[in-house]
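Read through the structure below, which is laid out as structure tokens, and then see the notes.
Where a number appears in this text, it was derived from the coordinates with a stated rule and is not lab data. What you are looking at is a predicted structure, and each value in this text was computed from that prediction instead of being measured. Glycine gets a Cβ as well: all are built from the backbone with ideal geometry, and neighbour counts include every protein chain shown.
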Amino acid sequence: MFDDGNLPQMINLTSRIKKTVQIVKDSFVVVVRYDGDYYPGLVEEVVETEFRVSVLHKLRAGWCWPKLKDSVWHSPTDVIKQVKNPLPVNSRGIFMFSEDISGSND
């Protein structure tokens, strides 16, 4: 999704940041990388090229919103991809995603 071919690495990074900023502005649900793990979340705020994302936490049965809000500022390099809204699994606040959120862009 962010590959610019054989352009020099710096141009590739700048282009990726611009594309990521546009994707985040056009979408609300993204997957971010934090401490080596991947988390889906809602973009709450965009300031220039930084994004405040409130993430869901992984459970065995799916994903849920944490009791205490988990909202962190991320740079464009932390944003892995955009995903569709999660689907509710039950009335207890468990959600599933219809697509892979593991971090691969396939």
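Between V89 and V46, what length in nm is gained on full extension when 0.36 nm per residue of separation is reduced by their alpha carbon distance?
This chain segment gains 12.5 nm when fully extended.
Net charge around G62, counting only other residues with Cβ within less than 15 Å of its Cβ (Lys, Arg = +1; Asp, Glu = -1)?
Numbers: positive: K58, R60, K84, R92; negative: E99, D100.
Result for the neighbourhood of G62: +2.
Measure off 7 Å from each Cα along the Cα-to-Cβ vector at S98 and V72, then give the distance between these two points in nanometres to one decimal.
Distance between label points: 2.9 nm.
Taking the Cβ of F95 as the center, what net charge do the other residues with Cβ under 12 Å away carry, scoring Lys and Arg +1 and Asp and Glu -1?
+3
If amide hydrogens are placed 1.01 Å from N in the peptide plane, which non-local residues have theirs closer than 5 Å to the one on D70?
V55
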